[in-house]
Amino acid sequence: MVMTDRIAEPWGTRTPYGPGQPWPVRVDTHLAEGVDAADVDAWVQTASILHSNGDAMDIAVKDGRIVGVRGRAGDRVNHGRLGPKDLFGWQANASPDRLTRPLVREGGRLVPTDWDTAMGRAVARTRELLAEQGPSAIGFYTTGQLFAEEYYTLGILAHGGIGTNHVDGNTRLCTATAAEALKESFGCDGQPGSYSDIDHADVIALYGHNMAETQSVLWTRVLDRLAGPNPPALVCVDPRATPVARAATVHLAPRPGTNVALMNGLIHELLARGHADEAYLAAHAVGLEALQEMVAQYPPERAARICDVPVESLREAARLLGTAQRLLSTVLQGFYQSHQATAAAVQVNNIHILRGMLGRPGCGVLQMNGQPTAENTRECGADGDLAGFRNWANEDHVADLARVWNLETRDIPHYSPPTHAMQMMRYAEDGSLRLLWVSGTNPAVSLPELARIRSILAQDRLFLVVQDLFLTETAQLADVVLPAATWGEKTGTFTNADRTVHLSEKAVDPPGEARSDMEIFVDLADRLGLEDKDGAPLVKWRTPEEAFEAWKECTRGRLCDYTGLTYDKLRGASGIQWPCNVEHPDGTERLYADGDFWADPDRCESYGKDLLTGAPVQAGEYRALNPQGRAILKAAEYLPPHELPSPEFPLQLITGRTLYHFHTRTKTARAPQLQAAAPDVWVEVSPRDAADHDLAEGDLAEVTTPRGSVRARVRVSGVRDGVLFLPFHYGYWDTGGGHEPDGPGRAANELTLTDWDAASKQPIFKTAAARLARVAGGTGPAPAPTTTASAPVGTDLPPTRGGATGRADERLPAGGGAR
């Protein structure tokens, strides 16, 4: 047994391995103080819900309480390993401030009530608005943390029952571009690659993906490859000197907002050096000529000048990408939340199509997710798309979904594109969206330009329903608050970023009167009297397993085919990747192995969009372009960001995550070890910018954009000159009050702008113009970063406040830990 402080050493000890070898097992465990493994009454199967990696684990239960977790050694995703949020985040379930009774607003205050009263008010207002205005008055905004069964229930009641087009998830903020980029290149959502590609790749490229902090166990897998024989080369694109950047063979730190120019320069070099697979392109792709014409305008010198990166580094990165025998690429928020998000992410796909690097071990693309169940939000139609990756612009697809739901085709809204989250907020602001049902998310902290968002959510004319675990900043504005059960308190399935489906079993009862989200949605459908075309209840299931069986039927014949899965099958040692069906009874490790893409005009999920304007491609136009359903090479011109630095705001602000927190900290801040590691907001400043502003480590600084100000302690770091970084997690629920309207705030999104990508509609959080100033009297020491002698060579640990409370066990099997 090895005792390791997993706050100070978040990736744990190394288990090196070489290319083509299995990743060794290492079982990580953390139990509550005073609890020994022998004391545990039961170990209950689940997977992580505080990031998108899908780390499989067992929940330790004693006396009806969760008392710890243990990694599952046989699972394909993590081979027993757990990250800091996995090890410690479960403690939030037992937080004393959990919501345990419904609340309703009386006389301007939220007061406890019973379920009948709370649901009665919500249902009565829904009926009033449906009678007065119709479905366009109703909107649903959900999360990336529910189960597939819950999203599917929400999708059928919202789309099929109420008939509203206003349905989206907070996945719009983190994975909308992943989905859109996959649709643009391959005709359908769904990751081509697999986590196991790390075991085989000789080059791994990470585009705007600080994997060390967003998917810490996946980064552990990379670190173990780097520590073993014949390690892969790493290419990192990130304006910050993250742990990934410090481990990289080549680190490109472009100016924020210039990712498309950078990618065009890289592709220019690939083509100029003859690295394209001509035979693969001739057999499996369209669009090469247009791409060649576009990137011809971006020789390395021009791209490097636009991005302000060394041209030699750009050429070296292109050489690695072009000569790799097995290339794996991952993409995340550094691209998705930046200017021209979809256009940039599509260029990563283009590199793999150009090189024929798809569908083979070590050859894949992972357009990553930011949340644990974001894939299910998209699959099940809870993000506005149609369930089962159906094409809302294809009448046959809508008719097929109507068949599954036993509705008339006209009952399912498909008259226009689904309404994205920022447009829903605009409709609420204008007064046409009059009831918003928010489940499991906190837009009063997570959406951009928070002063505007707060004013929208606080309107008297907007009826706001919130179902959540805690009285979040958003719940405090609600008319009705419903207490929800969470992970460990309910049963369901969820799918991670590489299509691995896990079953999460109920381990303990939820507190008080809290109910699962599926129970709440089923109750809503019943109270509204939603029926199918034969007069039977529209939502016909009552248990999670019944809902899963219904969801399976919805996926039959689609790319995300679940028909070969059952709850019993998922109770095995490992999660299983979809598609899983008669043809692939054990799941499918990689998509598109034979160049058979899901892009045929009759089966594709989307006909695509113009990458610059977002205008939908029409069916006839798509059919003419791609009659044989090949992969699509799509070109994009670089355009400057909409908000550029100026004399008044000479810097650029980017926001992002820290390893120890998730979203708005409603769970992680209630786990003592995680909160102690990152207790308050900070701003990262380059050494030159710190000197220019007379700032030192730990000084209090004020960051200002045209929308507001935030005060934070300074961390002098390796962020590129001219760029400031703020973590977006910090709101106001734990500060004893809200944001003072005329004073500086704490939440990074006080500063971000209302702008979104034309194609994916994902908000842009990484190109705001800003200025920086030292706050008089604000000098003081900052938390010292925790360092460790066992930190892997070439990496830096994230700044922390670690301590003995972060200890956890790592167990390596005998014989070196080989699986």
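Here are the numbers for this structure:
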{"item": "Summed residue charge, Cβ within 13 Å of VAL260's Cβ, Lys/Arg positive, Asp/Glu negative", "result": "+1"}
{"item": "With every protein chain in place, the range 463-591: carbon and sulfur % of accessible area (1.4 Å)", "result": "47 percent"}
{"item": "At R0 = 25 Å, FRET efficiency that the Cβ-Cβ distance of SER416 and ALA283 yields, to 0.05", "result": "0.10"}
{"item": "Filtered trypsin sites (Lys or Arg not before Pro), the range 554-648: DSSP coil and at most 13 other beta carbons within 10 Å", "result": "ARG556, ARG571"}
{"item": "Per-residue SASA entry for ASP224, accessible area with 1.4 Å probe, Å² rounded to 10", "result": "0 Å²"}
{"item": "Rounded percent of accessible protein surface that carbon and sulfur make up, the range 1-143, 1.4 Å probe", "result": "50 percent"}
{"item": "Total lysine pairs whose alpha carbons fall under 13 Å of each other in the chain (8 or more apart, or interchain)", "result": "6"}
{"item": "Residue-normalised accessible area of the range 445-588, given per residue in Å² at a 1.4 Å probe", "result": "33 Å²"}
{"item": "Computed E for ALA42/GLU549 - FRET, C-beta separation, R0 30 angstrom, nearest 0.05", "result": "0.70"}
{"item": "Formal net charge of residues neighbouring ILE412 (Cβ-Cβ distance under 14 Å; K, R +1; D, E -1)", "result": "-3"}
{"item": "Neighbourhood net charge (11 Å Cβ-Cβ; Lys/Arg +1, Asp/Glu -1) for GLU184", "result": "-1"}
{"item": "Computed FRET value (nearest 0.05) for GLN325 with SER646, which takes r as the C-beta separation and R₀ as 56 Å", "result": "0.75"}
{"item": "Mean separation of Cα contacts under 8 Å (6+ apart) over length of the range 21-132, as relative contact order %", "result": "20 percent"}
{"item": "Ordering of 343-356, 498-511 by burial proxy (mean other Cβ atoms within 10 Å per residue, highest first)", "result": "343-356, 498-511"}
{"item": "Relative contact order of the range 251-312, defined on C-alpha pairs under 8 angstrom at six or more residues apart (%)", "result": "55 percent"}
{"item": "Net length gained if the chain between ARG127 and ASP114 were fully extended (0.36 nm per residue, minus Cα distance)", "result": "2.7 nm"}
{"item": "Carbon/sulfur fraction of accessible area - the range 239-279, other protein chains in place, 1.4 Å, %", "result": "43 percent"}
{"item": "Stretchable slack from ALA227 to SER432, in nm (0.36 nm times residue separation minus alpha-carbon distance)", "result": "68.1 nm"}
{"item": "Option label - volume of the Cα convex hull per residue in Å³ computed here, alternatives (1) 147; (2) 188; (3) 165", "result": "(1)"}
{"item": "Accessible solvent surface per residue of the range 1-67, calculated while the other protein chains remain in place, 1.4 angstrom probe, Å²", "result": "35 Å²"}
{"item": "Distance (nanometres) between label positions extended 7 Å along Cα→Cβ at ASP721 and SER95", "result": "4.2 nm"}
{"item": "Cleavage-rule hits (chymotrypsin sites (Phe, Trp or Tyr not before Pro)) in the range 353-445: DSSP loop, at most 10 neighbouring Cβ within 10 angstrom", "result": "TYR415"}
{"item": "Sequence of SER329, SER136 when ordered by accessible area, the most exposed leading, probe 1.4 angstrom", "result": "SER136, SER329"}
{"item": "Accessible area of the range 300-356 divided out per residue, in Å², using a probe of 1.4 angstrom", "result": "25 Å²"}
{"item": "Sequence-separation-based contact order of the chain, relative, with Cα cut under 8 Å and 6+ spacing, percent", "result": "21 percent"}
{"item": "Calculated [θ] (222 nm, deg cm²/dmol) that DSSP helices of n ≥ 4 give over the chain, each run adding -39,500 (n - 2.57)", "result": "-7500 deg cm²/dmol"}
{"item": "Net lengthening on full extension, ASP63/ASP602 (0.36 nm per residue, minus Cα-Cα)", "result": "188.6 nm"}
{"item": "Inter-label distance for ALA776 and THR249, nm, one decimal - labels placed 7 Å from Cα along Cα-to-Cβ", "result": "5.4 nm"}
{"item": "Interchain or long-range residues, amide H under 5 Å from ARG515's placed H", "result": "ALA484, ALA485"}
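The values are calculated or read from the model by the stated rules, or taken from the named source; none is laboratory data. Keep in mind that what you see is a predicted model, and the values were worked out from it rather than measured. Every residue, glycine as well, gets a Cβ built from its backbone with ideal geometry; the counts of neighbours run over all protein chains shown. Each accessible area value is taken on the protein alone, full model and side chains, heavy atoms only, with ligands, DNA and RNA left out. Shrake-Rupley method; radii C 1.70, N 1.55, O 1.52, S 1.80 Å.
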